[in-house]
Amino acid sequence: MCNVVARRLCLTTLPLLCLACDGPSRRGDTLGAQSSARWEWHGRIAVTQDPRLTLTRLAIDTGHGGGDVGLARYDFNPAEGEGDEYSLTLGLDLGRAHDLRQNVPYALGGTDARIPAYATVTCFCRPLKPDSVRGTFRLATRGLRQITGRVDATLYFTEWSDPARHATYSLHQRIDLVK
């Protein structure tokens, strides 16, 4: 009898646990693999551009105070020999993460948005510099050492050598930030 009860419990709770772990993921998500994630409690997103090397760097600066910030990298098409691989790095200035409510879409963007966001792209293409990020962030869970949520955004870039040429990348994925 005890074996039957344990089996029923396992058969009913295991599927629910699996669904709970992947809550922010959805059908139609972009197919990037999150390869890195970092969350800091007292930091700022540092954006530095070097026009001589046509490159933009995103980093977390913890030396000057600030709020909760996150930096995540997604790799797309990492198969060997494809040639169309690219990586997106997204920096989020969450402010005070404790004040964010679950499942509320917070606007991503410049300083006028609830969550200022910055992005870079690394690809085999003409060098691109960031313009803006527009979209939403939804908090799924916040623990002592991890923030899980969802990003639905479009990342806008301009070519370094030709400001009239633009590129956009979509990012519709789960985000896991780890302390």
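Brief remarks on what is shown
- Remark: spin-label model distance S170-V104 equals 2.8 nm, labels positioned 7 Å along the Cα→Cβ axis.
- Stokes-Einstein D for region 30-178, Kirkwood Rh over Cα pairs, 25 °C, 0.890 mPa s (µm²/s): 156
- Region 30-178, relative contact order in percent, only Cα pairs under 8 angstrom and at least six apart counted: 20
- Cα centroids of region 115-144 and region 153-176: 9 Å apart.
Values quoted throughout were computed directly from the atomic coordinates according to the rules given, and no laboratory measurement underlies them. The structure presented is a predicted model; accordingly, all values stated were derived computationally and were not measured. Because the Cβ atoms are built from the backbone with ideal geometry, glycine has one as well, and the counts that use them run over all protein chains shown.
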